[in-house]
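All remarks here apply to the structure that follows.
The values are calculated or read from the model by the stated rules, or taken from the named source; none is laboratory data. Predicted model, so just to flag it, every value in this text is computed and none were measured. Counting neighbours? That spans all protein chains shown, and the Cβs are built from the backbone with ideal geometry, glycine included.
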Amino acid sequence: MQPVQIVDLFAGPGGLDVAAEKLDVKTVGVEWDDGACATRSAAGLSTVKGDVRELGPSDFSEADVLAGGPPCQTFTVAGNGAGRRALDEVLRFAKRMVAREDRKEIAQDLSEMDEERTRLVLEPLRWALEAIDSRCPYQAIILEQVPAVLPVWKVYREALENEGYSVACGILRTEQYGVPQTRRRAVLIARMGGGRVILPQPTHQAYRKGVGRGTGDDELLPWRTMADALDRSYPFIVMSNYGTGGNPKARGYRNCQEPSATVTGKIFRNRILAEDGNEIGRFSSKEAGLLQTFPADYPWTGRDVGQQIGNAVPPRLAMHVISAAFGWDPPTEQRLQSLDTWRSEEISKSENPGDTTVGEIQCV
């Protein structure tokens with residue numbers, strides 16, 4: 001398929017959008033965080049600043065692809081676990097939506113959930129079902145979240161398959177797609193027509209602690225290291241901000257010849273140590289972005305840049321997922337290397353994706 005435009009819900013600073021634009025696919029993101037919107041504006045990404053719950057498919061008539069990565073903090077191991085405790089309730093709501101129960105009644109019941117961010121995971125399903133009911137279904141759907149959300153994606157899969165989509169969902173490991181970071185994501189891709197959908201195939205070996213680089217499937221490339229990604233001329237060790245089991249003395253360590261641990265919103269709290277154990281600094285915004293495979297010159301700005309980076313989809317992974325969703329061949333090395341830099345000059349208005357001026361934020 002050849003998409004017209006992606007509407008990206010919970011778009012953040014633009015991880016998926018960066019990948020899509022490098023694949024010559026136009027995007028428009030929906031985001032309400034001021035900091036993320038500031039970065040998107042500086043990057044020239046088309047953005048509608050608003051609440052996805054107050055918008056719908058009819059507000060983006062040109063978009064034929066739906067993407068989204070709802071807030072994941074309540075589902076994560078690092079979070080307080082509210083999302084995991086509410087998972088059964090979320091699944092019940094998803095099934096009610098699929099059964100086309102009264103939407104106003106569902107919305108009222110959802111509003112009574114204790115954790116607002118938890119129920120946001122259902123918004124992409126609402127958008128998809130509304131598009132189907134209006135007889136303008138999205139030609140492709142791309143969703144990602146933390147692994148704990150995979151049961152929700154399986155409910156999505158059942159619903160979308162019943163509507164004629166081919167759907168695949170599962171857990172992807174970012175280091176297996178050339179991201180210099182170990183990070184697991186629950187991904188769903190769906191396509192209307194065009195044959196069977198499958199998740200992107202790994203291009204790199206899986207990282208295993210204590211197992212040497214290059215060990216594993218000989219047909220796959222070795223995983224990429226922090227040293228590969230960062231311009232540091234000396235060996236270093238990264239000490240995590242987190243302590244295993246809550247014990248601050250049991251912090252995780254990664255050598256620069258390993259992939260980074262998962263980049264979170266607390267990335268700037270990680271300490272960088274010399275081989276002798278002395279602290280030699282923290283990651284810069286540029287370096288944290290590089291570990292997520294954002295371009296080296298990506299214009300991070302606004303508030304809480306660390307949280308923006310930690311919440312983002314790694315563009316390199318996104319490029320593989322987008323290609324699989326559209327039934328394209330895997331991205332070439334030339335395409336992947338295009339992620340090394342962003343854009344050296346202002347995006348021309350002729351590249352305007354939709355009615356929003358590139359780089360301008362529409363408030364809703």
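Computed values, structure above
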| item | result |
| --- | --- |
| Residue satisfying condition, being in a helix (DSSP H, G or I) and closer than 27 Å to E62 by Cα, within set L150, L120 | L120 |
| Among the candidates A190, A206, A159, A186, residue that is among the hydrophobic types (A, V, I, L, M, F, W, C), under 19 Å from E258 (Cα atoms) and either in contact with a strand residue (DSSP E or B) (Cβ under 7 Å, 6 or more places away or on another chain) or surrounded by fewer than 22 Cβ atoms within 10 Å (Cβ to Cβ) (or both) | A206 |
| Hey, V211 among the β-branched types (V, I, T) and not assigned by TED's automatic domain parsing to the domain that holds A99 or not | yes |
| Cβ pairs under 8 Å, 6+ apart, first in region 286-305 and on the phi > 0 side of the Ramachandran plot, second β-branched (V, I, T) | T293/V179; G302/T39 |
| Conditions (1) surrounded by 15 or more Cβ atoms within 10 Å (Cβ to Cβ); (2) touching a strand residue (DSSP E or B) at 6+ places or on another chain (Cβ under 7 Å); number of the one not met by I198 | (1) |
| Of residues in region 4-22 being β-branched (V, I, T) and buried (at least 24 other Cβ atoms within 10 Å of the Cβ), the one nearest to the chain's Cα centre (by Cα) | V18 |
| Counted residues, region 259-298 - those being surrounded by fewer than 21 Cβ atoms within 10 Å (Cβ to Cβ), out of contact with any Gly (no Cβ under 9 Å at 6 or more places or on another chain) and assigned to a loop (DSSP other than H, G, I, E, B) | 8 |
| Any hit, region 173-181, residues being outside any loop (DSSP other than H, G, I, E, B), touching a helix residue (DSSP H, G or I) at 6+ places or on another chain (Cβ under 6 Å) and hydrophobic (A, V, I, L, M, F, W, C) | no |
| Count of region 1-20 residues which are in contact with a Lys or Arg (Cβ under 9 Å, 6 or more places away or on another chain) and assigned to a helix (DSSP H, G or I) | 3 |
| V179 under 28 Å from I267 (Cβ atoms), in contact with a Cys (Cβ under 8 Å, 6 or more places away or on another chain), among the β-branched types (V, I, T) and touching a residue at least 60 places away in the same chain (Cβ under 8 Å) | no |
| Residues (of a type in the set (D, E, K, R) and in contact with a Pro (Cβ under 8 Å, 6 or more places away or on another chain)) located in region 121-152 | E123, E130 |
| Of the criteria (1) touching a residue at least 40 places away in the same chain (Cβ under 8 Å); (2) assigned to a helix (DSSP H, G or I), which one I198 fails | (2) |
| Count of residues meeting criterion [hydroxyl-bearing (S, T, Y), out of contact with any Gly (no Cβ under 9 Å at 6 or more places or on another chain) and modelled with pLDDT of 90 or more] in region 197-245 | 3 |
| Test: residue in region 48-65 that is more than 21 Å from T301 (Cβ to Cβ), touching a helix residue (DSSP H, G or I) at 6+ places or on another chain (Cβ under 9 Å), at pLDDT 95 or above and crowded, with 24+ Cβ neighbours inside 10 Å | yes |
